[in-house]
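Enquirer: There's a structure below that I have some questions on.
The values are calculated or read from the model by the stated rules, or taken from the named source; none is laboratory data. Predicted, not measured: the structure shown is a model, and the values here were computed from it. Note that we place each Cβ from the backbone using ideal geometry, even for glycine, and neighbour counts take in every protein chain shown.
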Amino acid sequence: MKLELNPIFEHLWQGKDPFAEVDRLEGKVYRQLEGRRTLRFETDGKGYFLKSHKGVGWKEIFKNWAQLRAPILGATHERDAIAALDNAGIGTMTMAAFGCRGSNPAQQESFIITEAIEPSISLEDLAIQWRQQPPSIQEKRRLLMEVCDITRRMHAAGVNHRDFYICHFLLPLEGNDRSLKLIDLHRALIHADLPFRWRLKDLASLYYSAMDVPLTRGDKMRFIKAYTGLPLRQALEQDRALWRAVRKKAKKLYKKALRKGIVR
């Protein structure tokens, strides 16, 4: 069994079975699937988020392998991704507790508890507000460059998010640290060298989710220049295939979302 607890949970669960304590936690349930639960709870007046996993079963593992996808076996992915982003200097969640037990990958139990980033607003909700109250050019560019910096650092560290939408960027509304925080890392993968297809997936997902911000041509060019660290003309020529593929895939995602009626 692997167990990592901050002082608060180490004290609360001293002499107890952490997995039994996790099962007893109650709060606002955000997701309840077979073998997986996500909820917000409070301890000593402080908010936390729990993601617990009870094992995905061999059927789910084989299905993912057949689709050439890495199966998500539990909370270890998120724990490792948080550590990788921390090492890369990227703002993300703060882990409060982690546990994993069982050698059988189909029946492995695990959990992760992170501190709630509150109060905050997602960039998706902020963009909706901007439709009624447009931001200053300075504020919009500041956030655009911050998103770009997070994306660049993340990919340079070999991490791809796999759910890289603007709804997963949180902007804290109080405190001294008002920098963006990247959340929801349970599907993230870590590579020694990030493959083209995963870089493309993240960039296209990000672009698709920001299409209604709206972004000007200048915004897009600033992102490309900052992401590559190259003069704009060189960046467009050197990575022409990537940016064309990003645009094509993002538009395809947007059209699919329109058909499903999920674009706001």
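Enquirer: Going by the structure shown, is GLY175 over 21 Å from the mean Cα position of the chain (by Cα) and part of a helix (DSSP H, G or I)?
Expert: In short, no.
Enquirer: Mind checking whether some residue in the range 210-232 is under 19 Å from LEU126 (Cβ atoms), among the hydroxyl-bearing types (Ser, Thr, Tyr) and in contact (Cβ under 8 Å) with a residue 40 or more places away in the chain?
Expert: No, that holds for no residue.
Enquirer: Residue under question is GLY57, and the condition is that it be at pLDDT 85 or above and on the phi > 0 side of the Ramachandran plot; does it hold?
Expert: Answer is no for this residue.
Enquirer: Now for a separate question. Being hydroxyl-bearing (Ser, Thr, Tyr) and either without any contact (Cβ under 8 Å) to a residue 12 or more places away in the chain or more than 17 Å from THR94 (Cα to Cα) (or both) is the filter here, so list the residues in the range 142-194 that pass it.
Expert: Hits for the range 142-194 are THR151, TYR165.
Enquirer: While we're here: Restricting attention to the range 108-126, which residues are surrounded by fewer than 21 Cβ atoms within 10 Å (Cβ to Cβ), in contact (Cβ under 8 Å) with a residue 60 or more places away in the chain and more than 18 Å from SER179 (Cβ to Cβ)?
Expert: Answer for the range 108-126, where residues must be surrounded by fewer than 21 Cβ atoms within 10 Å (Cβ to Cβ), in contact (Cβ under 8 Å) with a residue 60 or more places away in the chain and more than 18 Å from SER179 (Cβ to Cβ): just GLU109.
Enquirer: Hey, another quick one. Kindly provide the set of residues from the range 6-47 that are modelled with pLDDT of 95 or more and touching a Gly at 6+ places or on another chain (Cβ under 8 Å), ordered by number.
Expert: Once the filter is applied, which keeps residues that are modelled with pLDDT of 95 or more and touching a Gly at 6+ places or on another chain (Cβ under 8 Å), the range 6-47 yields PRO18, PHE19, VAL22, LEU39, ARG40, PHE41, GLU42.
Enquirer: Find the residue count for the range 148-161, including only residues that are buried (at least 20 other Cβ atoms within 10 Å of the Cβ) and part of a loop (DSSP other than H, G, I, E, B).
Expert: 1
Results for (1) within 21 Å of ALA81 (Cα to Cα); (2) of a type in the set (A, V, I, L, M); (3) assigned to a helix (DSSP H, G or I); (4) in contact with a helix residue (DSSP H, G or I) (Cβ under 6 Å, 6 or more places away or on another chain), shown as yes or no for each residue.
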position: CYS167; (1), (2), (3), (4): yes, no, yes, yes
position: MET211; (1), (2), (3), (4): no, yes, no, yes
position: LYS248; (1), (2), (3), (4): no, no, yes, no
position: LEU258; (1), (2), (3), (4): no, yes, yes, no
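Enquirer: Of all residues in the range 197-227 being hydroxyl-bearing (Ser, Thr, Tyr) and closer than 23 Å to ILE137 by Cβ, which is surrounded by the most Cβ atoms within 10 Å (Cβ to Cβ)?
Expert: Filtering the range 197-227 for residues that are hydroxyl-bearing (Ser, Thr, Tyr) and closer than 23 Å to ILE137 by Cβ, the one surrounded by the most Cβ atoms within 10 Å (Cβ to Cβ) comes out as SER209.
Enquirer: Output the residues belonging to the range 8-33 that are surrounded by fewer than 12 Cβ atoms within 10 Å (Cβ to Cβ) and part of a helix (DSSP H, G or I).
Expert: HIS11, ALA20, ARG24
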